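Some notes on the structure that comes next.
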Amino acid sequence: MNDQIDNILTTRFLNPFKTILLAGFMMVMTMANAQSSSTDFERVSIGDTKQILCGLSLAPDQSYLAISSIQSFPFYKYDYENRQVIEEFNVGNWYAGSKVEHSKNGKYILLQQLFYLDWALNKDREVDFEIIDAATGQRVKRFTEYHAVTITPDEKFAVTLTADEIAFWELPSGNKSRSFKVANATNGLAISPDGKSIVVSHHTDEDIIKKDPKYKKNKKAKKAAIKYKQQISVFDYETFERKTTIAELYDIVYRLEYSDNGGVLFVLQIPHMKAQNSTTNRQTYISTVDMFAVEPLRIGFTSQAPYEPDFKVSYDNKLFGVVSKGTKFLEIHIYDLTTGKMIARFEQSYRLFEKTEAGMTMADSRISFVFLPDNKTVVMTMGPHLIYWHLDI
């Protein structure tokens with residue numbers, strides 16, 4: 001087991017996963033061991049903005065935060081150390097705002113349209129995406145009603161998923177270069193950091209399910225797997241040939257994301273409503289896959305956020321954070337990856353009289369957050385402000 005773990009990640013996530021994997025399967029849900037650290041925080045205004053902030057991404061060179069907001073155009077480049085706006089761009093223009101993500105070297109910023117209810121129950125996601133030049137704020141390419149968009153590690157292409165087609169678009173020209181088909185593709189798309197593999201989620205392959213020994217005599221389970229579950233396959237970046245399919249069934253996959261060195265794939269999945277154990281709270285699961293061995297790892301995280309939750313790993317690889325929801329309010333949960341225990345929790349209380357110019361209260365916002373490079377501070381969106389949460393762990 002030690003040799004297997006040591007081969008998974010040599011630069012990021014190595015030590016955190018070692019202890020947890022040796023301890024066996026853990027779905028880290030234990031609230032009793034959580035330490036609430038919400039008391040040590042600062043609320044910071046972003047210039048004179050009155051709009052609700054909804055998206056955060058730290059530039060790869062750690063020089064600024066990219067911040068998006070709801071209703072209209074405002075997008076900010078923000079000096080998080082001196083706490084001042086560097087530049088403001090007019091991009092996006094989506095009523096509920098956008099998710100924000102930098103390309104690997106920070107040349108481009110990818111915006112993903114958000115909705116207040118950002119997914120259709122049990123259906124594939126179709127939203128708009130926009131790629132902007134990080135230096136100028138100019139739009140490079142817009143994609144309307146796509147399942148997923150990502151930017152290749154060399155920043156030469158945008159790769160898109162719509163219907164069954166995976167397409168490559170040259171950057172910055174925006175010209176379509178090449179494409180291939182993945183039968184019954186769903187919402188998940190990611191490019192490995194070394195640029196050699198493409199992972200795509202898709203509905204289950206009935207031939208694979210029928211050959212699985214555990215389904216041969218259990219027709220009910222086989223029918224449910226075909227109807228409600230999904231799979232993830234790995235394709236060669238150059239030839240588009242299918243390398244393998246991960247030996248695991250997933251719920252509806254909405255996000256695939258590699259760790260920095262490509263050793264771990266995070267899989268954000270939400271069960272079909274008819275396949276959920278609870279009828280009251282929607283559960284989101286974040287599973288992990290060892291992409292060196294192409295085998296599922298025995299570690300996962302959960303969230304009860306009412307939308308696709310943001311999740312991040314700290315720069316020293318010791319902490320994992322994910323947005324969730326408590327009894328009343330949205331929260332950020334912080335886990336110690338060496339023990340698998342929740343060690344901190346920030347609850348966002350509803351501020352009744354804090355409203356935007358349009359009269360919307362900050363409770364309409366969704367939390368996005370980042371770990372700062374000091375590994376001791378979490379910056380999160382909260383209404384028209386940022387919260388600097390100083391972890392005492």
Discussion item. Using 22 Å as the Cα-Cα cut-off, could you pick out the over-long pairs in K77/K318; K156/K318; K123/K312; K211/K243?
Written reply: K77/K318; K156/K318; K123/K312
Item to complete: Just check segment 99-253 against the gyration tensor rule for me: Cα atoms, a ≥ b ≥ c as the square roots of the eigenvalues, rounded for a/c under 1.5, and otherwise prolate or oblate depending on whether a/b exceeds b/c.
Response: prolate
Worksheet item: With a ≥ b ≥ c the root eigenvalues of the C-alpha gyration tensor of segment 43-157, is it rounded (a/c under 1.5), prolate (a/b larger than b/c) or oblate?
Response: oblate
Worksheet entry | Three-way shape label, segment 196-298, alpha-carbon gyration tensor, a/c 1.5 | oblate
Worksheet item: What list do you get for S233, S45 if you sort them by fewest beta carbons within 10 Å?
Response: S45, S233
Discussion item. Run the reach check for K107 against aspartates and glutamates, Cα to Cα strictly under 18 Å, same-chain hits fewer than 8 apart removed. What comes back?
Written reply: D61, D79, E87, E88, E130, D133, D154, E155, E170, D194, D260
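Read-outs throughout are calculated quantities, based only on the coordinates presented, and are distinct from any laboratory measurement. No experiment lies behind these values; they were computed from the predicted model shown. Reconstructed Cβ throughout: ideal geometry from the backbone, glycine too, with neighbour counts over all protein chains shown.
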